[in-house]
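Enquirer: Got a structure for you, questions after.
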Amino acid sequence: MEQIVKKLENRDIFIDYLKGLAIFLVVWGHTIQFALDSSIDFFLNPVFIVIYSFHMPLFMFVSGYLFMYSIKNRDIKTLIKSKFFQLIIPIITWSFVYKTLYFVVNYYRSNGISLYQQVMEYLIGYLKDLPEEFWYLWVVFYCTIIVSIIQRYFKDKLIAYFAIFAILLILPDNYILLLLKFMYPYFVAGYLFHKNKGKELSCIKDIKPLAMLAFPILLFFWKKDFYVYTTGMSLYVGVFRYRVFIILYRYLTGFVGVVFVMEVVKTSLKYLTIKGVTYIGKYTLGIYIIQYYLTYRLYVLPDFIADNQIIYNMVFTPVISIVIIIISLIAIKILQKTRITNRLFLGSRVKSAGE
């Protein structure tokens, strides 16, 4: 693991490879979820289970790791402002464009409704949905604020991070808050791993063999209840002991999955490098946003395709995912051509939209 840290200090191929893998899994998971217009329960799909057990924890761990680069030599005000423009401005822009186009397209279909009422419904809907659009970016933004404050005023004391986590857990769930509860530990772990150059998490080296064995076992016993999307993070719903068990199982699987995938990627890079994976790892923010509009209610495959899960999971959905990523990259390249579109839609001043 220390070798990984040394490589990551130079922001080398490893980190972009992890990001590229993670964003491909995001698109693949969404394609499995939305490619069929049917009642088939994607939560029980074996590939979906594997992907969703670790892919967002991995993304958050890497985001926390990279945040260490941002926090160096910056005051809180400058840092938060920078992250707001990088993460939140694209949310505001994309959501505004989508909602406006939707309003215009549906304007003449709204018989008997006054223009004033339609405009008000449009504005209320836009403002209501905005805090939950592209949840991953919102959660990263909130995590950067929390870590910035703890780093500045509490010198990265672990007790401060645990205190915030405890406070989050006792708060009631809403959509973004439950995802913040779940993702916060992974972001903090990635940040501290980088800050301490792996020293505080050196135990990873010792538990690596156990993690390689435990991850498949944890996946084997995975249940639909274990998804954060199905049961949330609240401690006040249902049987308390079972809720605690679900949450702990979810965290354990995520952390073990992160270790598992990092080791697999580290080993595979010694023998094989797929340049396309590294390339898309540089544009994860743009791909994450654009793929949402391309995958949501995709409904391109007939239901009978899912009868053969091997073909559906290993042929159709991966191919569709690759096509979606290619389209996203083309859109990113177009948006990068002008300073204003690059800034508003991709949150970037430079051409690397995934920075």
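Enquirer: Measure out, as a whole number of angstrom, how far apart the alpha-carbon centroids of the stretch 247-314 and the stretch 138-199 sit.
Expert: 24 Å
Enquirer: Could you grab the relative contact order for the stretch 189-319? Cα pairs under 8 Å, six or more apart, rounded to a whole percent.
Expert: It rounds to 20 percent for the stretch 189-319.
Enquirer: Note down the magnitude of the dipole of the stretch 2-346 about its Cα centre, charges +1 on Lys and Arg C-beta and -1 on Asp and Glu C-beta and zero elsewhere, to the nearest 20 debye.
Expert: Dipole of the stretch 2-346, to the nearest 20 debye: 1320 debye.
Enquirer: Out of residues 5 or more away from Leu301 or on other chains, whose amide H comes under 5 Å of its own, with H placed 1.01 Å from N in the peptide plane?
Expert: Asp37
Enquirer: Placing +1 on the Cβ of each Lys and Arg and -1 on the Cβ of each Asp and Glu in the chain, which of Gly254, Ile76, Phe141 has its Cα farthest towards the positive end of the resulting dipole?
Expert: After comparing all options, I get Ile76.
Enquirer: Also, I was wondering about something else. Using a simple spin-label model with points 7 Å from Cα along the Cα→Cβ vector, what separation in nm is obtained for Ile327 and Leu269?
Expert: Computed distance between label sites Ile327 and Leu269 equals 3.1 nm.
Enquirer: Further question: Could you go through the stretch 229-245 in sequence order and give the Karplus-derived ³J(HN,Hα) for each residue, using 6.51 cos²θ - 1.76 cosθ + 1.60 with θ = phi - 60°, rounded to whole Hz, and x for Gly and Pro?
Expert: For the stretch 229-245, the Karplus curve yields 6, 9, 10, x, 10, 5, 8, 9, 10, x, 6, 4, 4, 5, 4, 4, 4 Hz.
Enquirer: Tell me the relative contact order for the chain as a rounded percent, counting alpha carbon contacts under 8 Å between residues six or more apart.
Expert: Contact order relative to length: 35 percent.
Enquirer: In this model, which of Lys19/Lys333; Lys19/Lys208; Lys72/Lys155; Lys19/Lys155; Lys83/Lys128; Lys19/Lys83 are farther than 25 Å apart at the alpha-carbon? Let's see the in-between values first.
Expert: Details: Lys19/Lys333 19 Å; Lys19/Lys208 21 Å; Lys72/Lys155 13 Å; Lys19/Lys155 28 Å; Lys83/Lys128 22 Å; Lys19/Lys83 18 Å.
The pairs that break the limit, which is 25 Å between Cα atoms, are Lys19/Lys155.
Enquirer: OK, next. When the helix-only estimate is applied to the chain (DSSP H runs of n ≥ 4, each -39,500 (n - 2.57), divided by the residue count), what is the mean residue ellipticity at 222 nm, nearest 500 deg cm²/dmol?
Expert: After summing the helix terms and dividing by the residues of the chain, the value is -23000 deg cm²/dmol.
Enquirer: Turning to a different aspect of this structure: Hey, got a sec? Which trypsin sites (Lys or Arg not before Pro) in the stretch 139-175 land in a DSSP loop and have at most 14 other Cβ atoms within 10 Å?
Expert: Lys155, Lys157
Enquirer: Please name whichever of Gly286, Val62, Tyr242 sits farthest to the positive end of the charge dipole of the stretch 2-346, dipole taken about the Cα centre and charges placed at Cβ: Lys and Arg +1, Asp and Glu -1.
Expert: Value computed over the given set: Val62.
Enquirer: About its Cα centre, what dipole magnitude does the stretch 133-239 give when the only charges are +1 on Lys and Arg Cβ and -1 on Asp and Glu Cβ, stated in debye to the nearest 20?
Expert: For the stretch 133-239, the charge dipole is close to 400 debye.
Just so you know, all these numbers are worked out from the coordinates, no wet-lab data involved. This structure is a prediction, so every number in the text was calculated from the model and none was measured. We place every Cβ from the backbone using ideal geometry, glycine too, and count neighbours over all the protein chains shown.
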